[in-house]
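Heads up, the thing below is written out as structure tokens.
What follows is calculated from the coordinates using simple rules that are stated; it is not laboratory data. Worth saying up front: this structure is predicted, and the values here are computed from it rather than measured. A quick note on method: Cβ atoms are made from the backbone with ideal geometry, for glycine too, and the neighbour counts reach across all protein chains shown.
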Amino acid sequence: MAIVFTLLSMLMVCGEDLYEKKAVSSRVEEALKTLIWYGIFNAAVLCALLLFVLDETSLTPLELIANKPVVLLNPICSYACLFFALAAYKYVGVSVRNTFANVDGIFYILFLVIYYVLTGSAGFAARLFTPTMAIGLFLILGVTIIYPSLKDTKEEKQGQPVSKPAVSSKTALKIGIALAIVSALFDGADSFVSSVLIGDNIVDSMEFVAANTLVQVIISAFVWIYLWFKNKKIYNPFRKTEKDRIISQAFSAAGDLLYIYALSGDALLSVVLWNAFPVLDILGARILMKEKLTRTQYLVLFILILGAVLVSIS
């Protein structure tokens, strides 16, 4: 069942990505508007937790934050990860963005190594590098260097606004890949903070979920205020023109729920499968969004996905 739930979760995330791409394709500011809808869904989750899950014996979100301030890093990293991933859509399509954003494992390992070296556990840090990981890192680094230089790139042109032809497809591709990799950096930092600085005993608690969700709602509120002052008018996220964002976040919520069920069945298998989800994204982008790549580019992206899977296995 873990495989079934993981695949269903991956399909939900593919739907989320396709609709996010529709909503965020011309201006980086559109990414901020998507963050507001992310906050709206988080507000609904927070209300459900406070009303139906947490009881009088549970710590309130504010109490947990006061007792362990490091939990603030988790939602901040999550939001930074999401913002840069969304911003990449202005320059590249779903296939390239998600494949390069999938290299978060390499940054997670990097943070682990730095942490254990600084804390005097250099021997443990050295044991992190297994032959499987070495191969995975080699594939990731090699493909990241090679891909921007490939010729006949077609996909990223679809991410360019017609009114701004000054940015060449090559430049757009490099910017998009850079933003996706920065997103992966924050994703890896998020995983490191959760597993090392906070600890699984807290991360697995409903109190942490509530605290994490509360901070995300607050960040979304500040983003909404920023857009209000920047544009001199109140942004209304409930307009009909925002339907792509609404649908994308609905897919996101469904994907998260299914992934939780998958982890409860077989955590290791679910995590490994999850690292291969860009394969579905590439297929969905090709069929539904008509994104086109050369055969060489498809091959290189699949090699990058393989590298990410090998690192996760390690």
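Springs between Cα atoms under 10 Å define the GNM used for the chain, and in it the highest mean-square fluctuation of Ile109, Ile303, Ile146 occurs at Ile146.
Around Ser252, under 10 Å between beta carbons, what's the net of Lys plus Arg minus Asp minus Glu among the other residues? So the environment of Ser252 carries a net charge of -4. Among the listed pairs Lys22/Lys174; Lys90/Lys232; Lys240/Lys290; Lys170/Lys233; Lys21/Lys233; Lys243/Lys292, those with a Cα-Cα distance over 29 Å are Lys170/Lys233. Other residues with beta-carbon under 11 Å from the beta-carbon of Ala31 carry, at +1 per Lys or Arg and -1 per Asp or Glu, a net charge of +1.
Here the sum of -39500 (n - 2.57) over DSSP H runs of 4 or more residues, divided by the residues of the chain, equals -23500 deg cm²/dmol at 222 nm, to the nearest 500.
Could you tell me the relative contact order of the chain? Use alpha-carbon pairs under 8 Å, at least six residues apart, and round to a whole percent.
Working: 429 pairs, mean separation 132.4, N = 314.
Relative contact order for the chain comes out at 42 percent.
Ordering Asn74, Ser25, Ala180 by the projection of their Cα atoms onto the charge dipole of segment 2-313, which places +1 on the Cβ of Lys and Arg and -1 on the Cβ of Asp and Glu, puts Ser25 at the extreme positive end.
Taking Ile114, Ile219, Ile202 in turn, the Gaussian network model of the chain (Cα-Cα springs below 10 Å) assigns the largest fluctuation to Ile114. Suppose R0 equals 41 Å; then what is the FRET efficiency for Leu283 and Asn67 from their Cβ-Cβ distance, rounded to the nearest 0.05? FRET efficiency, Leu283 to Asn67: 0.35.
For segment 2-313, what is the charge dipole size about the Cα centre, in debye to the nearest 20, if Lys and Arg each add +1 at the Cβ and Asp and Glu each add -1 at the Cβ? Could the numbers behind the result be given before it?
On the way: 25 positive and 23 negative charges, 355 e Å.
Computed charge dipole of segment 2-313: roughly 1700 debye.
Peptides 284-294, 221-231, 74-84, ordered by how many other C-beta atoms sit within 10 Å of their residues on average, highest first, read 74-84, 284-294, 221-231.
Note on Glu29 and Ser168: their simple-model spin labels are 2.9 nm apart, each label 7 Å out from Cα toward Cβ. Packing, taken as the mean count of other beta carbons within 10 Å per residue, orders the peptides 5-14, 94-103 from highest to lowest as 94-103, 5-14. Spin-label model, Ser149 to Lys230: label points 7 Å out along the Cα-to-beta-carbon direction sit 3.6 nm apart.
Karplus-derived 3J(HN,Hα) values for segment 73-89, using 6.51 cos²θ - 1.76 cosθ + 1.60 with θ = phi - 60°, are 5, 4, x, 5, 5, 4, 5, 5, 4, 5, 4, 5, 5, 5, 4, 5, 5 Hz; glycine and proline are entered as x.
Residue exposure proxy: Lys233, Lys33, ordered by other Cβ atoms within 10 angstrom of their Cβ from fewest to most, comes out as Lys233, Lys33. Taking 19 Å as the straight-line reach from the Cα of Lys68, the aspartates and glutamates in range (excluding those fewer than 8 positions away in the same chain) are Asp190, Asp200, Asp204, Glu207. Relative protection proxy for 17-24, 52-59, 255-262, from highest mean packing down: 17-24, 255-262, 52-59 (other beta-carbon atoms within 10 angstrom).
Computed over segment 9-97, the quotient of the alpha carbon radius of gyration and 2.2 N^0.38 Å is 1.34. Say R0 is 22 Å: what FRET efficiency, to the nearest 0.05, do Asp200 and Phe222 get from their beta-carbon distance? Here the calculated transfer efficiency is 0.15.
Taking N as the number of residues in segment 2-313, what is its Cα Rg relative to 2.2 N^0.38 Å? Could the numbers behind the result be given before it?
Numbers: Rg = 19.7 Å, N = 312, 2.2 N^0.38 = 19.5 Å.
Its radius of gyration relative to the 2.2 N^0.38 Å reference: 1.01.
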